[in-house]
Amino acid sequence: MTSQPQESVPSHVCIIMDGNGRWAKKRLMPRGYGHRQGVETTRRAVEFFASAGITHLTLFAFSSENWNRPDEEVNGLMELFMQSLQKYTSELHEKGIRIRFIGNRAMFSEDLQQKISETEVITGNNSVMTLNIAANYGGQWDIVNAARTLAEQVSEGEITSAQIDEQVFRQELSLGDSPDPDLFIRTGGEHRISNFLLWQLAYAEFYFCDQLWPDFSDSDMRAALTEYAQRQRRYGKTGEQIEAAN
Ligand code: IPE
Ligand code: IPE
Ligand code: MG
């Protein structure tokens, strides 16, 4: 992926990995079969985006609303998270990838919480790419959490309410120490955010793809980066202003 000029490569890509269930259904298989196949795509995606020079990759693995699925599917997903961490952490660590989790982890089993912390510690000093895994994550939860933290700081007298601005607020959000996503990808054909990074996506470029997640190939990933490179990001300015600055 060295063919694109540097500035046209996003720093931060985030993905809603959607379509595992439909992929399995098309094959008359249980949904869990699709989720297992989805892990393989996730592994390929991490490798692809790391070698493309992306420094932050955020993947939506389980939303705060996904608890509403049948127990059997939720339990299967929890088992799959655990197995995937056991299987892939050392491989990712060797590749220099730092793994972090965003979302409310308190709702996971003790074992899974421990595995999550362990993974974060083991990979904590890696610098090739930061892989953020959104698990039991919701964008509204994230914003409410930040608001609560700031309200507590105000009531403790640490800051005044007048000091709360966009910069202060964003630091209390998940990924507050990372650049906002430049490119948002959703596979599976749906055109919605589904409570993913609501605040952080303010100026992301959106890319929707009909491929179901297990079918999302390296050439589909490349197509998303090529499309991104052709977008003009204006941040409220005119196209002429942007061209003049380049
Ligand atoms: C995304 O695939 C994975 C998770 C939500 C965990 P889905 O399971 O939503 O697949 P579809 O949308 O039903 O095909
Ligand atoms: C979003 O996908 C969550 C993940 C991919 C983890 P969903 O499949 O849960 O989203 P909706 O329900 O179609 O909006
Ligand atoms: Mg879905």
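The values are calculated or read from the model by the stated rules, or taken from the named source; none is laboratory data. Note that this is a predicted model, so its numbers are computed, not measured. Neighbour counts run over all protein chains shown; Cβ positions are idealised from the backbone, glycine included.
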**Request:** Would you be able to tell me the number of residues in the stretch 50-99 that are basic (Lys, Arg) and assigned to a helix (DSSP H, G or I)?
**Result:** 1
**Prompt:** When both residues are 6+ apart or on different chains and their Cβ atoms are under 6 Å apart, which pairs have a first residue that lies in the stretch 170-193 and is at negative phi, and a second that is β-branched (Val, Ile, Thr)?
**Reply:** Glu172/Thr149; Ser174/Ile102; Leu183/Val13; Ile185/Ile15; Arg186/Ile16
**Request:** Name, by its number, the condition in (1) under 16 Å from the mean Cα position of the chain (by Cα); (2) outside any strand (DSSP E or B); (3) more than 10 Å from ligand 1 (Cβ to nearest atom); (4) among the charged types (D, E, K, R) that does not hold for Asp18.
**Result:** (3)
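Do you know which of the residues in the stretch 182-208 that are more than 16 Å from ligand 1 (Cβ to nearest atom) and under 14 Å from Gly139 (Cα atoms) is surrounded by the fewest Cβ atoms within 10 Å (Cβ to Cβ)?
Applying the first criterion (more than 16 Å from ligand 1 (Cβ to nearest atom)) to the stretch 182-208 yields 182-183, 198-207.
Now drop any that are not under 14 Å from Gly139 (Cα atoms), which leaves 198-202.
Details: Leu198: 15, Trp199: 18, Gln200: 23, Leu201: 16, Ala202: 12.
By that ranking, first place goes to Ala202.
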**Item:** Per-region count, the stretch 61-85, residues out of contact with any Leu (no Cβ under 9 Å at 6 or more places or on another chain) and within 14 Å of Arg36 (Cα to Cα)
**Value:** 9
**Message:** I'd like to check something: does the stretch 45-52 contain any residue that is within 12 Å of ligand 2 (Cβ to nearest atom) and surrounded by fewer than 16 Cβ atoms within 10 Å (Cβ to Cβ)?
**Reply:** no
**Complete:** Inside the stretch 26-39, the number of residues satisfying the requirement of being in contact with a helix residue (DSSP H, G or I) (Cβ under 7 Å, 6 or more places away or on another chain), charged (D, E, K, R) and either within 15 Å of ligand 3 (Cβ to nearest atom) or in contact (Cβ under 8 Å) with a residue 60 or more places away in the chain (or both) is 1
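For residues that are among the hydrophobic types (A, V, I, L, M, F, W, C) and not in a loop (DSSP other than H, G, I, E, B), scanning just the stretch 100-110, find the one that is surrounded by the fewest Cβ atoms within 10 Å (Cβ to Cβ). Before you say what the answer is, go through the steps one by one.
From the stretch 100-110, those among the hydrophobic types (A, V, I, L, M, F, W, C) are 101-102, 106-108; that's our starting set.
From the residues that got through so far, the ones that are not in a loop (DSSP other than H, G, I, E, B) too are 101-102, 106-107.
On the way: Phe101: 22, Ile102: 18, Ala106: 7, Met107: 12.
Result: Ala106.
Let's see how each residue does on (1) polar (S, T, N, Q); (2) surrounded by 14 or more Cβ atoms within 10 Å (Cβ to Cβ); (3) farther than 21 Å from Cys14 by Cα; (4) more than 16 Å from ligand 3 (Cβ to nearest atom):
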| site | (1), (2), (3), (4) |
| --- | --- |
| Leu77 | no, yes, no, no |
| Gln83 | yes, no, yes, yes |
| Glu118 | no, no, yes, yes |
| Ile143 | no, yes, no, yes |
| Gln153 | yes, yes, yes, yes |
**Prompt:** Which one is nearest to Glu91 (Cα to Cα) among residues in the stretch 111-133 that are assigned to a strand (DSSP E or B) and β-branched (Val, Ile, Thr)?
**Reply:** Thr130
**Fill in**
Counting only helices (runs of 4 or more DSSP H) wholly inside the stretch 135-246, the ones holding at least 1 residues that are touching a helix residue (DSSP H, G or I) at 6+ places or on another chain (Cβ under 7 Å) and at pLDDT 95 or above are 139-155, 166-171, 218-230
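Within the stretch 195-246, work out how many residues are among the hydroxyl-bearing types (Ser, Thr, Tyr) and in contact with a strand residue (DSSP E or B) (Cβ under 7 Å, 6 or more places away or on another chain).
At the first step, the residues of the stretch 195-246 found to be among the hydroxyl-bearing types (Ser, Thr, Tyr) are 203, 207, 217, 219, 226, 228, 235, 238.
With the extra rule that they be in contact with a strand residue (DSSP E or B) (Cβ under 7 Å, 6 or more places away or on another chain), the set shrinks to 207, 228.
So the answer is 2.
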**the stretch 194-216: number of residues that are farther than 30 Å from Gln167 by Cα and in contact (Cβ under 8 Å) with a residue 40 or more places away in the chain** = 6
